[in-house]
Amino acid sequence: MSLAVAYGDEHSVDPLNNADAYHMLTTAESCVIVIVHNHPSTSKVSLSDVGFLFGYKAVKMVVVVTNLGSINYIVKTDHYDREQGVKLFREAVHKIDNMQNLKQKQDATDYFLKNCYKAGLIFEDGRR
């Protein structure tokens, strides 16, 4: 098992900024990314997190630990359909582009998470 740690700042976390993480992302057949960072209002997996999942074939799962300790994850199943996932992702981003406040933006993200199964993704909300 390999391990790489990439630190972020108060606004973002970018695993590509760490040479070991970058190497794993670009050479591994599959990997799990654990992203530990605070989301606004302790929100779940963000669309930025989902975009990262879609961006790398090797990334099979993204885990988010919120500032209150809940653990959420989204994982590609054997039935993962990237084309359908990207279509759904774009629909959610379009909703966000037309919204003003954080609650509305979270609603657009929730839309994606509630429908991601259509693309062969599983989302688990650790707040249950």
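The values are calculated or read from the model by the stated rules, or taken from the named source; none is laboratory data. Computed from a predicted structure; not experimentally measured. No Cβ is skipped: glycine too gets one built from the backbone with ideal geometry, and neighbour counts run over all protein chains shown.
So here's what we get for this one:
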{"item": "Near pairs, Cβ below 7 angstrom, 6+ apart or cross-chain, from region 100-128 (farther than 17 Å from E83 by Cα) to any residue that is of a type in the set (D, E, K, R) and surrounded by 15 or more Cβ atoms within 10 Å (Cβ to Cβ)", "result": "A108/K95; Y111/K95; D125/K44"}
{"item": "Residue under evaluation D81, criteria (1) over 22 Å from M24 (Cα atoms); (2) among the charged types (D, E, K, R); (3) surrounded by fewer than 13 Cβ atoms within 10 Å (Cβ to Cβ), criterion not met", "result": "(3)"}
{"item": "In region 86-128, the residues that are at pLDDT 90 or above and assigned to a loop (DSSP other than H, G, I, E, B)", "result": "G120"}
{"item": "Options T77, T66; residue that is hydroxyl-bearing (S, T, Y), modelled with pLDDT under 85 and more than 12 Å from the chain's Cα centre (by Cα)", "result": "T66"}
